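Remarks on the structure that follows.
The values are calculated or read from the model by the stated rules, or taken from the named source; none is laboratory data. Not measured: the values here are computed from a predicted model. Backbone-built Cβ (ideal geometry, glycine too); neighbour counts: all protein chains shown.
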Amino acid sequence: MALEEVTREKWATRLGFILAAVGSAVGLGNIWRFPFQVGQEGGAAFLVMYLLFVAIIGIPAMLVEFVVGRSSERNPINAFDRLGHGEWRFIGILGVITGFLILSYYSVVAGWVTRYTFASLTGAYFGEAGAYFGQISAGPAAVGFHALFMVVTAVIVAAGIQKGIEMAVKVMVPALLVLLVGLIAYAFTLEGAAQGYEYYLSPDFGVIAANWTSILPAAAGQAFFTLSLGMGVMITYASYIDEDRNLGVDGGWIAFLNTLVSILAGLVVFPVLFTIGTEPGSGGPGELFAGVGGAIAQVPGSRLVGFLFFGVVTIAALSSAISILEVLVSYAIDNYSIERPTATAVISAIVFVVGIPSAMSTDVLTLFDATTAQLLLPLGVFLTVIFVGWVYQDSAKELAKGTGSDASGTLPVLWLWYVRIPILIVVGFVLVINATELYGTLTDMLL
Ligand code: PHE
C-alpha cells in the first residue's frame, strides 16, 4: 500500500516527544479527577497508594505501550498487523472505542472549565458558586461550551503533528507549572492551609491496611487515566520516536512530571477546601468548581486568581484532548486515503455528538467516566501487557534500543519478566475488583 511507504513524521526533538507525552498525561485527570479521588478514598492514604502504583506498575506499563508504538511505527490498530500479529488488533480497536468515549465527556468537563475561565473575568459565579455550577453543568449551555472546546482541539490536531501539537505543548506545559506554583503560594496563605496539608500529606497506615481493597483499584484506575495508558495514546506518540531514544528514561521523566502536577494541584485544592469548610469527596463531579470557585470568590484579586486557575486547567485539558483525538485521526489517516483536516473534522463531529448526553446530564457523564476509567483502561493495559509479555517476541530487544545494551542486558530482561508475571497479576486483580464494583454501581443505578 502506497501509504505505508511514505516516511513517517518524527518528533523534531527529544523534548518535543516528552513535552507532548506530558501534555497528554497532564490534564483534567490531575486537577479535576485526582483531588476528587483523594477526597473519596480518605486523603493521604490514597496519595501513598497512588504514588506507589505509578512507580511500580505505571512506568513499566507505559514502556509496554512505547515498545508497541516504536517497533511498529503505526497507530494502535495497525501496530499489531505490522508486528505480525493481526489477530491482536482488537486491542487497538478497543483503544479507539475507549478514546471516543473518554473524549466525549472529557470535552464536556473541559467546557465547564472554559466557561469558568471566562466567568472569572465578570465574577459570574462569585455570588453562589454551588448554584452556578448547577446552572451551567448540564443543558444547552454546557453543549455549547463542549462544542467550543472540541473545535479548538480539532483546529490544533488538523494542523499536524509537528506544527500543531509539538509547538502548542512547548508553550503549554511550562506555563502550567509556573501558574500552579503561583497558586500554591496563594493557597499557603489561607486559613485552612494547615488542615488541608494534614489531610492530604499525613497518611494513616492503619487506614491503608483496613481499606486497601478499595483504595488499590481506585489508585490503579487513576494512575492509568492520568498517565494516558490503556487506550493507545502512548502507542501512537511512541510511533513517532526515533530508535536512538532511551524509552525507560523518557518514560521516567513523563511519569515524574505528570505526578508532580497532580501533587501540586492537591496543594492548591485541599487548603482551599478546608478554608471554605467543604468536606473533600462530598461534592461529586462539581466539587472542584463549587469548592474552589467559592473560595476564589472570597479572596482579594478574585477575578485574576480565578482566571489564572481555570485558565491553567483549560490549557492542561486541551493538550490531553489533543492526544486522544490524535489517536483517532492517525488511525483514519493510516487506513483510508483521507487528508488530516477532513479526518479531524469528521471524527470531532462524531465525538461531539456522542458527548451531548453527558453535557445534558452529569449522571450520564459520571457513568461514562466510571465505565471508561475503571473498566476499559485497565482492560486495555491488561491485554497490551499480555501481548508484549507473552506474544510479541522482540519486546526486550525494542526496549534495549537506545540504551547501549542489547536484548539480553539485565534491565530489558528484568523488565520483560516483571511485565510477564507481577504486572499481569496486579492488573488482572485490579480488573476483577473494578469490574465487580462497577457491576454493583450499575445495578444500583439502574434498579
Ligand atoms: N491523562 C489525561 C488526564 O489526566 C486524560 C487521558 C486519558 C488522556 C487517557 C489520554 C488517554 O487528563
**OP:** All but one of (1) more than 12 Å from the ligand (Cβ to nearest atom); (2) outside any loop (DSSP other than H, G, I, E, B) hold for Ala20, so report the exception by its number.
**Re:** (1)
Original post:
Restricting region 325-352 to residues that are surrounded by fewer than 16 Cβ atoms within 10 Å (Cβ to Cβ), touching a residue at least 24 places away in the same chain (Cβ under 8 Å) and closer than 24 Å to Arg89 by Cβ, which is nearest to the chain's Cα centre (by Cα)?
Top reply: Ile350
Original post:
Given the conditions (1) surrounded by fewer than 24 Cβ atoms within 10 Å (Cβ to Cβ); (2) touching a residue at least 60 places away in the same chain (Cβ under 8 Å), which single one is not true for Val269?
Top reply: (1)
Original post:
For region 111-127, what are the residues that are crowded, with 24+ Cβ neighbours inside 10 Å and not basic (Lys, Arg)?
Top reply: Gly111, Trp112, Val113, Tyr116, Ser120, Tyr125
**OP:** Look at Gly355 and say whether it is assigned to a helix (DSSP H, G or I), under 16 Å from the mean Cα position of the chain (by Cα) and crowded, with 16+ Cβ neighbours inside 10 Å.
**Re:** no
**OP:** Within region 27-46, track down each residue that is under 19 Å from Ala317 (Cβ atoms), of a type outside the set (A, V, I, L, M, F, W, C) and either assigned to a helix (DSSP H, G or I) or away from the ligand (no atom under 12 Å from the Cβ) (or both).
**Re:** Gly29, Asn30, Arg33, Pro35, Gln37
Subject >> Conditions (1) surrounded by fewer than 24 Cβ atoms within 10 Å (Cβ to Cβ); (2) away from the ligand (no atom under 16 Å from the Cβ); (3) in a helix (DSSP H, G or I); (4) modelled with pLDDT of 90 or more; number of the one not met by Gly286 >> reply: (4)
**OP:** Could you tell me whether Tyr237 is crowded, with 17+ Cβ neighbours inside 10 Å and either of a type in the set (Lys, Arg) or more than 30 Å from Phe17 (Cα to Cα) (or both)?
**Re:** no
